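In what follows, a structure is listed as structure tokens, so that the remarks can point back to it.
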Amino acid sequence: MPLKILLVSEEFPPETPGWGGIGSYVECIAPALARRGHEVHVLSCAMAHRTGDGLEDGVWVHRRRLPRIRGASRLRFGETAHRAWLGAFNYREARRLRTIFDVVEYPDWDAEGWMFAALGNVPTVAHLHTPLTLALRHKGVRESTDTRLAGRLERMSVSRATAVTSPSAVLAVEIAAMGWVERDAIQVIPYPIESQQWVTPPASGTGRIVQFAGRLDARKAPEVLIDAIAILRDEMPDVSARFAGEYDAAGSSGLPRLAWSSPRSFARSFDGCTFLGHVARGKLGELYASSRVFAQPSVFENFSFATLEAMAAGRAAVVTSGSGLAPFIADCGGGAVVAPRDPAALASALKPYLIDAAYAGEAGERARAAVRREFDPKRIALLREELYGAAIESFRMSRPHSSPAHAGVRPLP
């Protein structure tokens, strides 16, 4: 039966600056669900948006400019205030759509769905990406009173949801260990990807270039790749790495400031490393096409969209055991898995692909085929459709004495 689905996502292209995995996921899954006959709406509230409504690729997209909180820069609890305001604003704007939705889905990040979850008048699905508390922990940042309160709002949006999903088992285990929800209650459904957007020539025709994509922060551990490149260049001086992602520049040098690392990081060699800053997603394909292999040395990585894109582009990926994609990469033979924070291990894993272009090409093609097979939007949309049906039924069973207004589901008031 066709459903009316509302996907709440602050991140949504192309307006939202710096949009990442959340925006990429919604951009792909929304039209895939619409192609299955569902009425899909995306509500995206962000300060960068111009308010407007329209039908895009079969999906009703409702962009709303999020008003700034007066005096936000002076607020002691800025993170908490932002999440409280964003969740309340999302709920209000959803009501104004005057549509009775069968199910509402939102991300854990920024607690965008906390008010839907708190009021409990519609089936909700919380989709895990990496909540603030966990992100700070893996960056080695101590929580403040503000971030703890902000994290509680995110926790409520997850723990009170009708259903919870995660794109990877590694994140599901972490969330369960935090006590947010039982592990058995989290259904693992990976991100989808439109592989045809990433068609590139084989890696066998490229030079010895290692590609990295992602923000240069402590959790992504770019310094590990920098050190691995230094090791590799002792034997292969033509090896280089490109870093695509935002970072804080150090003075006029333009080099990243790795302030979270040891003092030695300020003297480390950047030879062979090029820092490109933020790269628009539409330009990433060109970088993947000219690279030999992709590296993601993150300490923790829920389910890297950049890694998925590189593999769809036919590039072998070397990731750490802290990545949610690690089991998939190991099983499909499309790359290698190493321990986090180990430059020597990363260098050793990258070396075979850099020495032998044909080997890199073969591994890249295995990666490409596996991504097309496992993360096809049609397949993922079917899994989410089944999840929505189960969530709706669970919602009905938990309210046996309610007076449903539409298809057994109470409408947004």
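The values are calculated or read from the model by the stated rules, or taken from the named source; none is laboratory data. The model shown is predicted, which means the values in this text are computed figures rather than measured ones. Cβ: placed from backbone, ideal geometry, glycine included. Neighbour counts: every protein chain shown. The area values use the complete protein model at the heavy-atom level, side chains included, leaving out ligands, DNA and RNA. Shrake-Rupley method; radii C 1.70, N 1.55, O 1.52, S 1.80 Å.
For (1) touching a strand residue (DSSP E or B) at 6+ places or on another chain (Cβ under 7 Å); (2) assigned to a helix (DSSP H, G or I); (3) of a type in the set (Gly, Ala, Ser); (4) over 12 Å from Ser9 (Cβ atoms), each residue gets a yes or a no:
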{"position": "His41", "(1), (2), (3), (4)": "yes, no, no, no"}
{"position": "Leu55", "(1), (2), (3), (4)": "no, no, no, yes"}
{"position": "Pro67", "(1), (2), (3), (4)": "no, no, no, yes"}
{"position": "Arg70", "(1), (2), (3), (4)": "no, no, no, yes"}
{"position": "Glu79", "(1), (2), (3), (4)": "no, yes, no, yes"}
{"position": "Phe89", "(1), (2), (3), (4)": "yes, yes, no, yes"}
In region 112-120, is there at least one residue being more than 21 Å from Ala391 (Cα to Cα) and part of a helix (DSSP H, G or I)? no
State which residue pairs qualify: first residue touching a residue at least 60 places away in the same chain (Cβ under 8 Å) and inside region 331-344, second residue open to solvent by less than 50 Å² (accessible area, probe 1.4 Å) and acidic (Asp, Glu) in any location, beta carbons under 6 Å apart, and separation of 6 or more residues or different chains. Pro343/Asp227
Which listed residue is touching a Pro at 6+ places or on another chain (Cβ under 6 Å), within 16 Å of Ala295 (Cβ to Cβ) and at pLDDT 95 or above, from Ala228, Ala203, Ala241, Ala221: Ala228
One residue is enough: does region 58-81 have a residue meeting the conditions modelled with pLDDT of 95 or more, open to solvent by 30 Å² or more (accessible area, probe 1.4 Å) and under 21 Å from the mean Cα position of the chain (by Cα)? no
Those residues of region 142-178 which are closer than 20 Å to His82 by Cα and surrounded by 21 or more Cβ atoms within 10 Å (Cβ to Cβ) amount to Ala150, Gly151, Leu153, Glu154, Arg155, Ser157, Val158
Can you go through Arg63, Arg50 and tell me which one is touching a Lys or Arg at 6+ places or on another chain (Cβ under 7 Å), part of a strand (DSSP E or B) and closer than 27 Å to Ala32 by Cα? Arg63
Condition check for Arg98: open to solvent by 20 Å² or more (accessible area, probe 1.4 Å) and either assigned to a loop (DSSP other than H, G, I, E, B) or in contact with a Cys (Cβ under 9 Å, 6 or more places away or on another chain) (or both): yes
Given the options Glu223, Glu182, name the one that is of a type in the set (Asp, Glu), surrounded by fewer than 22 Cβ atoms within 10 Å (Cβ to Cβ) and in contact with a Leu (Cβ under 7 Å, 6 or more places away or on another chain). Glu223
Residues located in region 139-173, provided they are touching a residue at least 60 places away in the same chain (Cβ under 8 Å), assigned to a helix (DSSP H, G or I) and under 20 Å from the mean Cα position of the chain (by Cα): Lys139, Ala150, Leu153, Glu154, Ser157, Ala169, Val170, Leu171
Give the residues of region 1-57 that are of a type in the set (Ser, Thr, Tyr) and either open to solvent by 40 Å² or more (accessible area, probe 1.4 Å) or touching a Gly at 6+ places or on another chain (Cβ under 9 Å) (or both), sorted by residue number. Ser9, Thr16, Ser44, Thr51
